[in-house]
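Heads up, the thing below is written out as structure tokens.
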Amino acid sequence: AVPADGSGSRILTANRSTRAYGYQQDGGTVIALDVEGEENRILMTRDFLAERTVGTRLANEDKGLGVEEVDVTRNRRKTVERPEEEASRYVADDNGVVRLMVRRPRDNSGRLTGEVEYFYRAAGSKSWTPFTGDIEGFAPVAVDSASNVAYGFQTVGGYDALYRVALDGSGRREQVIARNDVDIDRLIRIGRQQRVVGASFATEKRQVEYLDPEMAELAAQLQAALPGKPLINIVDASADEQTLLIIASSDVDPGMSYLLERESKQLSPLLPLRDPLVDMQMAQMKPVTFPAADGTQIPGYLTIPAGRSEAGPAIVLPHGGPGSRDEWGFDWLVQFFAARGYAVLQPNFRGSTGYGDAWFGRNGFQEWRTAVGDVNDAGRWLVSEGIADPEQLGIAGWSYGGYAALQSQVLDPELYQAVVAIAPVTDLGMLVDEARDYTNFQVVKRFIGEGPHVREGSPANFADRFSAPVILFHGTEDINVRDSQSERMEDRLKAAGANVRYVQYKGLDHYLNDGRVRGNMLLEIDQFLGEHLRK
């Protein structure tokens, strides 16, 4: 907690008792900023640990996730929700009352089973009721106390749609927003009460559908007032919702934040999101589709350096995840490559999210041949369209994107002339083994699956097929993908006589969230690509 004058900060995460068994692995999540009108009080979750009882009657014997009311000025706290061992998340309504609980069951060995259970409380009740019947599979994310409904997502016809379900025991379900081409995937909430005002989805570009007519009208007015910045997000509001925080951006504009006074309709620029890039020319990103080998049209985004009209150097940039997707808008990696003269294609290969269950399939690891095949077809399309010179075509990616970049060599060693992999998975079996001592082992094992694809889908097992030079980057504190994955890839490539370089960053995690480190990495990548893709 930080006072408005910035005079000092206070840690709100509860201290771990010296009597506690184990370690606190969750620092807590704020689930309500307004607790029944009490000023400076919030609700936040707490990871309770059982304590040794010898010599005291005050030791805590319960363990699991609970909820506390915290006074942020004095750091006084009281438990409002006793800990539940299998609870993973709580949701409070707009009055600061805990109404939803998410449980993730464990097996006899304490490992997560991968199942998820959702419970709600009726108004005024203290008991939990499971979501069952026609609403089984409904994933609630917010509660509106006035109408006594939960908003959430449910898959219907292969696509995620937004529903609201009555919390009066009737199980009455109402479809709010749905499409038959893409998933509805984000709930739009504003203000101290986190009021639900709409939802969004991404077709070629992200769109917002407002449930609140006044917000819909306001969004249309903002679109007219801020031409050239079609991505307009109402990201926060004052308690009375009369002052709004707006962020407007585009593919060539990282974004500007504004304050909007609704009564006077005064819109004031606040701060640019990336000050050093103000007034710098950026390359335009456009939605495209290209054919996969089986004829399926794959959506993606193409960015070509300004003024380029002939074939030249190009990069295929598959996204991470694989449970993710690329979207139209500003992307710092894309713009860096474009500024250095590379055309960039971001394929939303099969295995990406947002396009429904059938497109996601079993995921990009279990169906790696399809996903990586689409990625390689992206490179072939760039060549066939006269955008890329085949001798100047490279591939780069982060996390799963780095995996896809490496695995592209296994399928077609001659397609790309340089490979950049940041924090990549390189051995699927090793990924499962590394989770063996953790509670999510069964979840990881089920996600990767079993069968020949585990070995065949691991680029570290086929280092002898690589013909393109490879550069690897990894942080030593990566808990998403351990740096041992890059170490193994480097060892295997060196043993096979391949051209490989590994850059390791001490003390950084999966996202390398340090400006100097990212700057260093971009310079390293630029030098590497310059050596191998520039004529």
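The values are calculated or read from the model by the stated rules, or taken from the named source; none is laboratory data. Not measured: the values here are computed from a predicted model. Methodologically, a virtual Cβ is constructed for each residue, glycine included, from the backbone with ideal geometry; neighbour enumeration extends over all protein chains shown. All accessible areas refer to the heavy atoms of the entire protein, side chains included, with ligands and DNA or RNA removed. Shrake-Rupley method; radii C 1.70, N 1.55, O 1.52, S 1.80 Å.
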| task | Considering only residues that are charged (D, E, K, R) and open to solvent by 60 Å² or more (accessible area, probe 1.4 Å), look in the range 245-272 and name the one that is farthest from ARG340 (Cα to Cα). | result | GLU263
| field | Within the range 401-422, considering residues that are in contact with a His (Cβ under 7 Å, 6 or more places away or on another chain) and crowded, with 23+ Cβ neighbours inside 10 Å, the one farthest from SER484 (Cα to Cα) | value | ALA418
| remark: Selection from the range 5-32 of residues modelled with pLDDT of 90 or more and of a type in the set (A, V, I, L, M, F, W, C) yields ILE11, LEU12, VAL30, ILE31, ALA32
| task | Considering each residue of the range 191-202, count those that are closer than 15 Å to ASP93 by Cβ and of a type in the set (A, V, I, L, M, F, W, C), and give that number. | result | 1
| Options LEU162, LEU187; residue that is open to solvent by 20 Å² or more (accessible area, probe 1.4 Å), touching a residue at least 24 places away in the same chain (Cβ under 8 Å) and either closer than 30 Å to ASP251 by Cα or not aliphatic (A, V, I, L, M) (or both) | LEU187
| surrounded by fewer than 17 Cβ atoms within 10 Å (Cβ to Cβ) and among the charged types (D, E, K, R): does that describe ARG362? | yes
| query | How many residues does the range 434-473 hold that are among the acidic types (Asp, Glu) and under 18 Å from GLY114 (Cβ atoms)? | reply | 3
| query | Restricting the search to the range 299-325, which residues are under 25 Å from ALA248 (Cβ atoms) and open to solvent by 20 Å² or more (accessible area, probe 1.4 Å)? | reply | PRO299, ILE304, ALA306, SER324, ARG325
| Is it fair to say ARG446 is part of a strand (DSSP E or B), open to solvent by 10 Å² or more (accessible area, probe 1.4 Å) and of a type in the set (D, E, K, R)? | no
| Does any residue of the range 5-19 turn out to be open to solvent by less than 70 Å² (accessible area, probe 1.4 Å) and of a type in the set (Asp, Glu)? | no
| query | Which of the residues that make up the range 256-279 are in contact with a Phe, Trp or Tyr (Cβ under 9 Å, 6 or more places away or on another chain) and assigned to a strand (DSSP E or B)? | reply | LEU267, SER268, PRO269, LEU270
| said: Going through ARG518, ARG488, ARG501, ARG492 one at a time, which residue ends up being within 22 Å of VAL334 (Cβ to Cβ), modelled with pLDDT of 95 or more and touching a helix residue (DSSP H, G or I) at 6+ places or on another chain (Cβ under 9 Å)? | reply: ARG518
| said: Out of everything in the range 213-244 that is open to solvent by 70 Å² or more (accessible area, probe 1.4 Å) and outside any loop (DSSP other than H, G, I, E, B), what residue ends up being farthest from THR203 (Cα to Cα)? | reply: GLU214
| SER467 vs. criteria open to solvent by less than 60 Å² (accessible area, probe 1.4 Å) and among the polar types (S, T, N, Q) | no
| message | Considering only residues that are touching a Leu at 6+ places or on another chain (Cβ under 8 Å) and within 18 Å of THR73 (Cα to Cα), which ones fall in the range 24-45? | response | GLY28, VAL30, ILE31, ALA32, VAL35, ILE42, MET44, THR45
| message | Where the second residue is open to solvent by 10 Å² or more (accessible area, probe 1.4 Å) and small (Gly, Ala, Ser) and the first is free of Cβ contacts under 8 Å to residues at least 24 places away in the same chain and within 20 Å of LEU428 (Cβ to Cβ) and lies in the range 460-489, which pairs have Cβ atoms under 6 Å and are six or more apart or on separate chains? | response | none
| field | Residues within the range 475-526 that are in a helix (DSSP H, G or I), within 16 Å of ALA460 (Cβ to Cβ) and open to solvent by 40 Å² or more (accessible area, probe 1.4 Å), tallied | value | 6
| Going by the conditions given, is ASP275 within 25 Å of the chain's Cα centre (by Cα), open to solvent by 50 Å² or more (accessible area, probe 1.4 Å) and closer than 27 Å to GLN527 by Cα? | yes
| Going by the structure shown, is ASP374 open to solvent by 10 Å² or more (accessible area, probe 1.4 Å), at pLDDT 95 or above, out of contact with any Leu (no Cβ under 7 Å at 6 or more places or on another chain) and closer than 24 Å to ASP185 by Cα? | no
| task | Output yes when any residue across the range 345-354 is in a loop (DSSP other than H, G, I, E, B), open to solvent by 30 Å² or more (accessible area, probe 1.4 Å), closer than 25 Å to HIS453 by Cα and in contact with a strand residue (DSSP E or B) (Cβ under 9 Å, 6 or more places away or on another chain), and no when none is. | result | yes
| request: Return only the number of the condition from (1) in a strand (DSSP E or B); (2) more than 27 Å from GLY96 (Cβ to Cβ); (3) polar (S, T, N, Q) that GLN154 does not satisfy. | output: (2)
| note | Filter the range 355-388 for residues that are of a type outside the set (Gly, Ala, Ser), within 20 Å of the chain's Cα centre (by Cα) and in a helix (DSSP H, G or I); the one that is nearest to PRO322 (Cα to Cα) is PHE360
